[in-house]
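Here is the structure we will look at.
Bear in mind that the values in this text are calculations on the coordinates, not laboratory data. Bear in mind that the values here come from a model prediction, so they are computed numbers and not experimental data. Glycine also receives a Cβ, built like all others from the backbone with ideal geometry; neighbour counts cover every protein chain displayed.
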Amino acid sequence: MAVVDAMLQVLTEQVFTILKEQARFPLDFKDQFELMKTKLDLTKALLADTESLKEKKEVVKASLITLRGLIYEADNIMTDCLVRDEYEKEGSCTSLTFKKPLFWYQTGKKLKDVNSKLDAMERSLGIHLKYQEQSDHGDNTSQVMKYTAQDYARSEHVAAGYDKMIWVSVSQVSSDRRIMRSMLDQLESHCSVSDEAQLLHKLNELLKGKICLIVMDDVWKINQGWWNQFFSGLDGAVGKGSCIIITTRKEDVLTSMGVGRSQFHKPKELTDNDSWLLFRKSAFSSYPDAQFEKIQAEQLIHWWVGEGLIQGKGSKTAKELGYSYLSELVTRCLVEAVSRRGYDGRVYCCKVHDMVRELIIRIAEEESFGKFDEHGRQEMTGDSRWLGFTSEMKPEIFRKSSKLRALLITHIGSLGSLRVLDFSLTKLPRISTEKLMEWISSLKRLAYLNLSGVVGLKELPKSFRKLRNLQFLVFAGCNQLVKIDLITSLKKLVVLDLGSCLLYLPSGIEKLSHLQELSGFNVASNSRSPTGFKFCDLQKLVHLRVLRMSIGKDSEIKEDEREVLLKLEKLKVLAIDAQDCEDNNISTMLNIVSPPPSLRELYLRRYHPETLPTWINPEKLFNLQYMCIENADIIDFQTSPKSVDGSVFRWNIEGLCFKVLRNLKLDWKNLEKDSFCYDMQKLVIVQIGEIL
């Protein structure tokens with residue numbers, strides 16, 4: 001059911017996108033698209049009848065299995081239409097023009113067939129389930145009883161009743177300042193306020209007269225003095241009808257926050273059936289082999305997004321939401337965090353317990369994701385959607401793999417529905433990269449591709465431009481790769497990770513207007529790469545949130561490029577590798593680089609000048625939460641507050657990492673006296689010169 005819900009949502013959004021862009025599609029498709037959207041909405045309304053669904057699970061099971069297959073089939077049609085649309089926009093693929101009538105004829109036929117099946121499915125489900133309509137009226141308190149606080153806050157009919165909605169995950173490690181900053185981030189994209197009293201005043205100012213819903217989730221403890229001050233100020237500022245929802249595991253926390261026992265809502269313990277439903281909502285694909293016991297969180301989230309299980313929402317990208325969902329799985333003890341970031345708890349690496357793995361395998365079989373033998377090894381069936389292919393398996397299994405959507409692979413076959421393809425956990429030094437890349441280029445629905453195990457890859461074939469649905473592309477580890485010009489045709493790319501495989505990026509990367517993450521950017525000079533992607537071209541990637549770049553002796557950043565990064569208003573993570581270069585020009589270039597105020601994380605590595613770039617100070621980086629400086633020759637670090645035009649700016653850093661800074665003299669007393677560590681959650685100091 002969880003995957004059905006997720007895919008229904010994604011598919012409905014795709015149909016809506018096509019309807020908005022209907023001028024590019026044949027006119028007679030309009031009715032079919034609108035009919036599909038209607039059928040999908042009606043099906044969602046039926047599936048919202050959770051009470052009947054629980055009672056009649058076995059009765060509707062066959063219908064739900066058929067529905068899941070229909071959703072995948074419809075998703076393939078929508079993806080094909082959107083891919084074709086990318087070709088139409090470019091207008092340069094004349095070979096496709098000849099085939100255009102045939103494509104639209106076949107697609108129209110498929111649309112009518114799917115809609116007919118959806119209609120039959122809706123009628124079949126309608127016998128056992130009731131359509132659920134959401135009312136905009138009624139008592140909010142009674143509605144909260146039907147939802148978790150999170151579902152309640154996220155639902156559209158609830159949102160319509162409030163001017164402002166704020167969701168804060170408090171957890172065990174939050175501070176007063178962090179809670180307020182999280183609230184302000186949701187109300188205002190840029191806020192230069194850092195003092196705690198000013199933060200509180202700013203919150204009251206922004207919420208004054210507004211009808212607000214504030215959810216404080218997972219509260220373990222609260223600073224009583226701060227809470228009383230916050231609540232009393234808020235009570236006098238917000239409009240009538242405002243509401244605060246608090247979720248906690250401890251009753252004494254609610255009591256200390258002034259919540260009367262009559263306002264407590266204690267969810268009932270879950271039945272076995274409810275527990276299964278909850279697990280299905282949170283479960284993810286798991287590969288059975290021992291070598292996959294641990295998995296990198298980023299890779300897992302990329303798979304989720306590539307498969308279409310997660311979509312960006314509001315100001316949050318799909319990847320950011322993926323990390324939130326993974327943290328929720330860890331909180332629910334369904335996933336174990338093997339390693340995580342100290343200051344905010346972000347999971348880096350994770351695994352599942354054997355018992356949870358058995359549950360995942362059982363659900364994977366029920367949902368037709370895959371089949372496993374008695375030893376827990378995966379088997380291929382005609383209905384399998386996800387597969388981890390190992391050297392023990394025979395390539396012939398791909399003859400019955402037409403429905404496969406995610407594949408971790410060392411061998412290949414014919415896989416037209418594939419969305420996720422990952423070579424990262426194998427090495428293919430002897431494989432014919434030409435044949436491999438030609439085969440990959442035929443996977444027109446592919447959304448995630450990790451080629452880091454294809455170590456012999458040197459360049460991309462012309463056919464690679466066919467991958468118009470590709471959103472995640474990882475080359476890290478392909479150290480022989482020298483030519484990737486064709487990726488500039490992949491306009492839907494969201495993440496491009498080059499590791500250290502290329503000397504310079506080709507011109508045209510700036511055309512990837514949806515790019516949110518760029519890793520492995522070597523800053524070029526005009527003399528070394530006259531036609532390549534330059535530092536100034538970054539300003540065109542306005543959606544960029546993560547930038548990892550290298551600056552060396554052959555790089556060039558000019559004085560008139562000082563505002564390039566400032567124009568990247570959504571940038572949150574900046575990593576700079578100075579490549580152990582001892583040229584004085586490195587310091588000059590980095591002083592020109594000036595990140596935007598939105599920056600939250602900064603990493604500086606292999607930097608040998610004695611002084612840091614001038615912009616690394618609390619005035620310029622007032623939103624910075626984490627800083628890491630490694631393998632550098634700096635001799636000083638500014639801990640004292642900075643005064644500018646009568647205003648005092650203090651660091652608001654919550655995590656700080658100094659590693660191998662042998663010349664640095666750090667005054668610990670000033671560090672404490674200047675309130676640098678006021679909200680510090682994590683401090684790592686390894687091999688520095690001297691602590692005074």
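Test of understanding: ordering 616, 576 by Cβ neighbours within 10 Å, fewest first, what list do you get?
616, 576
Would you mind getting me the FRET efficiency between residue 379 and residue 643? Use the beta-carbon distance for r and R0 = 51 Å, nearest 0.05.
In this case the efficiency is close to 0.15.
Given points 7 Å out from each Cα along the Cα-Cβ axis, report the residue 271 to residue 65 separation in nanometres with one decimal.
Calculated label separation equals 2.3 nm.
Take each of the peptides 602-612, 71-81, average the number of other beta-carbon atoms within 10 Å over its residues, and list them starting from the highest. Display every interim value, and only then the final one.
On the way: 602-612: 18.2, 71-81: 20.2.
So the order, starting with the most tightly packed, is 71-81, 602-612.
Using a Förster radius of 41 Å, what is the FRET efficiency between residue 328 and residue 231 based on their Cβ-Cβ separation? Nearest 0.05, please.
0.95
How far, in nm, would the chain grow between residue 570 and residue 610 when pulled straight, counting 0.36 nm per residue and subtracting the alpha carbon separation? Write down the numbers at each step before the final one.
Details: separation 40, 0.36 × 40 = 14.40 nm, distance 3.03 nm.
Taking residue 570 through residue 610 to full extension adds about 11.4 nm, to one decimal.
Each residue of the range 470-475 in order: what ³J(HN,Hα) in whole Hz does its phi give by Karplus 6.51 cos²θ - 1.76 cosθ + 1.60, θ = phi - 60°, with x for Gly and Pro?
Values per residue, Gly and Pro as x: 5, 10, 10, 9, 10, 10 Hz.
Using the Karplus curve 6.51 cos²θ - 1.76 cosθ + 1.60 with θ = phi - 60°, what ³J(HN,Hα) values do you get for each residue of the range 207-221, in whole Hz, with x for Gly and Pro?
Going residue by residue, I get 9, 4, x, 8, 7, 10, 10, 10, 10, 9, 9, 6, 7, 9, 7 Hz, with x marking Gly and Pro.
Using modelled amide H (1.01 Å from N, peptide plane; none on Pro or chain starts), what sits under 5 Å from the amide H of residue 556, excluding residues fewer than 5 places away?
524, 525
List every residue whose amide H lies under 5 Å from the amide H of residue 243, counting only residues 5 or more places away in sequence or on a different chain, with H placed 1.01 Å from N in the peptide plane.
Long-range HN contacts for residue 243: 212, 213, 214.
I need the peptides 236-247, 530-541 ranked by packing, meaning the mean over residues of other C-beta atoms within 10 angstrom, with the highest value on top.
Details: 236-247: 15.3, 530-541: 18.0.
For the peptides 236-247, 530-541, the packing ranking is 530-541, 236-247.
I need the phi-derived Karplus couplings for the range 301-310: 6.51 cos²θ - 1.76 cosθ + 1.60, θ = phi - 60°, integer Hz, Gly and Pro marked x.
5, 4, 4, 3, 5, x, 6, x, 7, 10
May I ask you to sort 182, 327 by Cβ crowding, counting other Cβ atoms within 10 Å and putting the fewest first?
182, 327
How many nm is it between the label spots at residue 73 and residue 340, if each spot is 7 Å from the Cα in line with the beta carbon?
So the label points at residue 73 and residue 340 sit 4.3 nm apart.
I'd like the FRET efficiency for residue 195 and residue 479, computed as 1/(1 + (r/R0)^6) with the beta carbon distance as r and R0 of 56 Å, rounded to 0.05.
Values: r = 49 Å, r/R0 = 0.87.
In this case the efficiency is close to 0.70.
Taking the Cα-to-Cβ direction at residue 371 and at residue 9 and moving 7 Å from each Cα, how far apart do the two end points lie in nm?
3.1
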